[in-house]
Amino acid sequence: MYRGVEVAENSMKGMPAHEPDDIVPRLAEARDVLHWGAAAEAAEIYRVLQEEAARLGLVPEWAAALVGLGDCALESGELSDARDHFAEAELLLADEPPAHRAPARRGRATAHLLAGELRYCCHLLETALDELDAAGAGDPRALLALHTAAIAPYVDLGAYARAARAADLALALTAQVDDPVLVAGALRGAARTLVVEGRFAEADTSLARAQELCRSRRFRTELAHCHRARGYVHAQNGQLGAAERELRTARAMLAAKRAPLFTVQVEVELADVLRRRGKADEAAGLLAPLLTPAALGAERGAVHAGGAHRLLGLMAEDRGDTDAAEEHYCAALSLLERTGAAGDLADLCRLLGDLLRRTGRTQAALNAYRTGLGHRAAPGTTTLGPAPPVRLRRPCG
């Protein structure tokens, strides 16, 4: 049993409370328990610490326990609970310097990212960075956490220059921060921007460094995310055998650590690799249970839910079932349009447009292509102002 779990159990049994100055090291211990892959056990410790800190009026420790509960909820896929914990922590720290609120803001933004609310995620992070800048607060830890958190939503939105800038700033800060999880996260984020630039070997090297950091501290949760990221890099580079091995490892680790949302996201990515390797039946078997509100949906992993429908559409096309393919593509389009995931939308609209064109519906195909182009030409990506708005009939429905 982890010592922190024993502490939590003793506190709940009414045993003597700890001294106030004991809360900070116990918070650090709870964080380690979470990163070792025991989110439920860590949450029990954080709940006890939250109650103690609230009773003693220790606001920073109270907020830190709430952030810990939020991180545990993220790991368990309870996005609404996570947002509530992070928001409560931010409210407690409303009068504190911006750097103190950064962990809560990073957590709240991550919860919105996982729900598929990419633009709002970026808004939260950019606002937090503006507040730090206005306060002249160059806290390396806060800056590293916020810049790292911004990389993924920027890439998903197609804002590649911003993503690369965030990655560069995060990597520059790693030398000033003695936190292997934050550093590993920055290395993972930077790897994704390197993939966008086609620098696959450098991306893999970055992830190998992140894995070594996690292994040295037995941080299995972050290590699982590193395996997942390496699987993504290999899949993007066409190394499908290596991608399958890494994604299977990540899936097994995340499932063992009871991280359901991350597990199903990996299953979508693994299904893509399996389909590309000619294992369509196994891929379909992975995807079938995922498209339920409890697994993936409009407010829970919307980008991956769209990806699952995209894959099922491709497999339906392979079987010659164009009606089922169109249905899945339209379902994916509905999900992805809410997120603004530019690259996924462009790819999907191409697939849908090609399908509609092959079945003789030229105007509907053009509408699909225009939808994809419209999302690619987002504000800030064009040399001149936007074209006059044209109301187009949707290609689906």
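The values are calculated or read from the model by the stated rules, or taken from the named source; none is laboratory data. Note that the coordinates shown come from a computational prediction; the quantities given were computed from them, not determined experimentally. Because the Cβ atoms are built from the backbone with ideal geometry, glycine has one as well, and the counts that use them run over all protein chains shown.
So here's what we get for this one:
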read-out	value
Tally of residues being modelled with pLDDT of 90 or more and either among the polar types (S, T, N, Q) or farther than 21 Å from Ala111 by Cβ (or both) across the stretch 256-283	16
Qualifying position, being surrounded by fewer than 24 Cβ atoms within 10 Å (Cβ to Cβ) and assigned by TED's automatic domain parsing to the domain that holds Ser334, among Leu296, Leu261, Leu312, Leu286	Leu286
Cross-chain or 6+ apart pairs with Cβ under 8 Å, the stretch 28-40 first and over 22 Å from Ala255 (Cβ atoms), then among the hydroxyl-bearing types (Ser, Thr, Tyr) and buried (at least 23 other Cβ atoms within 10 Å of the Cβ)	Ala30/Tyr46
Filter result for Glu88 (surrounded by fewer than 23 Cβ atoms within 10 Å (Cβ to Cβ), out of contact with any Gly (no Cβ under 8 Å at 6 or more places or on another chain) and modelled with pLDDT of 95 or more)	yes
Any hit, the stretch 137-151, residues being out of contact with any strand residue (DSSP E or B) (no Cβ under 6 Å at 6 or more places or on another chain), outside any helix (DSSP H, G or I), outside the structural domain of Pro293 (by TED's automatic domain parsing) and on the phi > 0 side of the Ramachandran plot	no
Condition broken by His112, with the remaining ones in (1) without any contact (Cβ under 8 Å) to a residue 40 or more places away in the chain; (2) over 21 Å from Ala73 (Cα atoms); (3) part of a helix (DSSP H, G or I); (4) out of contact with any Leu (no Cβ under 6 Å at 6 or more places or on another chain) satisfied	(2)
Qualifying residue in the stretch 32-45 (condition: surrounded by fewer than 24 Cβ atoms within 10 Å (Cβ to Cβ), under 23 Å from Phe219 (Cβ atoms) and over 23 Å from the mean Cα position of the chain (by Cα))	yes
Subset of the stretch 315-355 (residues that are among the charged types (D, E, K, R), modelled with pLDDT under 90 and crowded, with 21+ Cβ neighbours inside 10 Å)	Asp344
Residue in the stretch 274-285 that is in a loop (DSSP other than H, G, I, E, B), on the phi > 0 side of the Ramachandran plot and touching a Gly at 6+ places or on another chain (Cβ under 9 Å) present	no
Filter result for the condition that a residue is at positive phi and buried (at least 23 other Cβ atoms within 10 Å of the Cβ), over Gly231, Gly301	Gly301
Within the stretch 52-99, tally of residues that are in a helix (DSSP H, G or I) and either touching a strand residue (DSSP E or B) at 6+ places or on another chain (Cβ under 6 Å) or acidic (Asp, Glu) (or both)	8
Within the stretch 144-163, considering residues that are within 11 Å of Leu125 (Cβ to Cβ) and of a type outside the set (Gly, Ala, Ser), the one surrounded by the fewest Cβ atoms within 10 Å (Cβ to Cβ)	Arg162
Single condition Val181 does not satisfy, out of (1) closer than 17 Å to Thr148 by Cβ; (2) crowded, with 23+ Cβ neighbours inside 10 Å	(2)
